[in-house]
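Data first, discussion second: the structure below is written as structure tokens.
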Ligand SMILES: [Zn+2]
């Protein structure tokens, strides 16, 4: 018999989305998690559901791994000075997102650009989001923006101190290929993931990064390949897809036409596994609590992608590209979920058909580390059916 600190049983699930392109929908109607990790997925009659600490009746709705936003710009807590907005992370949780990944804390007023200062801020940002999860949301932050003058030792110090991300290359003084390449290699040597600002300037102070710089820098993620907002010319986007194997990040705050071009090119290359999603918020265009759901519905409907595949872009693909312990419906992964159903009065015979026609699902519940974090979303259209805590 299993003994546990905290056993969660979710039963009467209508559909289980896996986050896996190779099998986006799993058989089963029940998921069990123990101490915040998925311990079993299948049919209730076959699973050990004895002695649960909490039971959720999914009431026939769909469950997916919690959505991941691969590109955000947090500053501190659940506040962003960029649009003077409070509780934007809580609002994002109401959009089904359970993990956020910083592409640089660039909106900090007075952000230090000297090397000791930028290192100090990156370490502090990593700590303050590790120590405080707004509404339970996981914020992977502490993403320094590289500046001229940094040496290999700086990257070693950052990594030793727990900083495992680089902010967007190109948002600081380093905008040339050779310097970016050297620093990205140092970051990689010490286990830090990197991303880059692709395209024209976002706001006054940022600059153009074209395909030659992106390819030479060779970051792990081609950050907002569809621009943030100004996209590169079509031939450059196609070239980036064809010339390397790095992750292709499509963002909400980018150019929608360039997003579809990226999607179509990746599909022609049979490399949909490279597509990951972000919002690039908070930014000049604000905060998008439903941004990842909107990207899924947009790419599915305009890009003719089955909805269950589009959900992989915002869950399992990001998990695999970024080597996370969230985002996949698999034993051992974090029990981070979003439960959702077809929105009331939306067309289509079920949630997937509705999304394929460009509609958002209604979020009914989010769970992080096996704990319910939100119930009926205040931001999505209302769902037809709602899960219940028993
Ligand atoms: Zn950017």
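The values are calculated or read from the model by the stated rules, or taken from the named source; none is laboratory data. Given the structure is predicted, the values throughout are model-derived calculations rather than measurements. Please note: Cβ atoms are built from the backbone with ideal geometry, for glycine as well, and neighbour counts cover all protein chains shown.
Key figures
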read-out: Leading residue by the ranking (surrounded by the fewest Cβ atoms within 10 Å (Cβ to Cβ)) among those in the stretch 134-159 that are within 18 Å of the chain's Cα centre (by Cα) and farther than 16 Å from residue 80 by Cβ; value: 136
read-out: Condition met for residue 217 (crowded, with 17+ Cβ neighbours inside 10 Å and away from the ligand (no atom under 13 Å from the Cβ)); value: yes
read-out: Tally of residues being away from the ligand (no atom under 16 Å from the Cβ), surrounded by fewer than 16 Cβ atoms within 10 Å (Cβ to Cβ) and closer than 18 Å to residue 102 by Cβ across the stretch 170-214; value: 1
read-out: Count of residues meeting criterion [within 20 Å of the chain's Cα centre (by Cα) and either without any contact (Cβ under 8 Å) to a residue 24 or more places away in the chain or not in a loop (DSSP other than H, G, I, E, B) (or both)] in the stretch 202-220; value: 0
read-out: Selection within the stretch 260-286 - touching a helix residue (DSSP H, G or I) at 6+ places or on another chain (Cβ under 7 Å) and either outside the structural domain of residue 221 (by TED's automatic domain parsing) or in a helix (DSSP H, G or I) (or both); value: 260, 261, 262, 263, 265, 266, 272, 273, 274
read-out: In the stretch 371-389, residue surrounded by the fewest Cβ atoms within 10 Å (Cβ to Cβ) [restricted to those that are closer than 29 Å to residue 35 by Cα and free of Cβ contacts under 8 Å to residues at least 60 places away in the same chain]; value: 376
read-out: Qualifying residue in the stretch 160-169 (condition: within 16 Å of the ligand (Cβ to nearest atom), buried (at least 21 other Cβ atoms within 10 Å of the Cβ) and either closer than 21 Å to residue 287 by Cα or not assigned by TED's automatic domain parsing to the domain that holds residue 277 (or both)); value: yes
read-out: Yes/no for residue 100 being closer than 22 Å to residue 367 by Cβ, in the same structural domain as residue 249 (by TED's automatic domain parsing), surrounded by 18 or more Cβ atoms within 10 Å (Cβ to Cβ) and under 16 Å from the mean Cα position of the chain (by Cα); value: yes
read-out: Candidates 237, 305, 225 - the one that is outside the structural domain of residue 361 (by TED's automatic domain parsing), in contact (Cβ under 8 Å) with a residue 40 or more places away in the chain and over 23 Å from residue 86 (Cα atoms); value: 305
read-out: Search result, residues across the stretch 77-114 that are closer than 28 Å to residue 207 by Cβ, touching a helix residue (DSSP H, G or I) at 6+ places or on another chain (Cβ under 6 Å) and more than 16 Å from the ligand (Cβ to nearest atom); value: 112
read-out: Filter pass, residue 314 being free of Cβ contacts under 8 Å to residues at least 60 places away in the same chain and under 20 Å from residue 220 (Cβ atoms); value: no
read-out: Matching strands (runs of 3 or more DSSP E) fully within the stretch 1-66 where at least 2 residues are under 20 Å from residue 97 (Cα atoms) and touching a helix residue (DSSP H, G or I) at 6+ places or on another chain (Cβ under 9 Å); value: 15-17, 62-65
read-out: Among residues of the stretch 221-259, those that are within 15 Å of the ligand (Cβ to nearest atom) and part of a loop (DSSP other than H, G, I, E, B), counted; value: 14
read-out: Tabulated pairs, the stretch 187-201, first within 19 Å of residue 211 (Cα to Cα), second away from the ligand (no atom under 16 Å from the Cβ), C-beta under 8 angstrom, 6+ apart or interchain; value: 194/187; 194/188
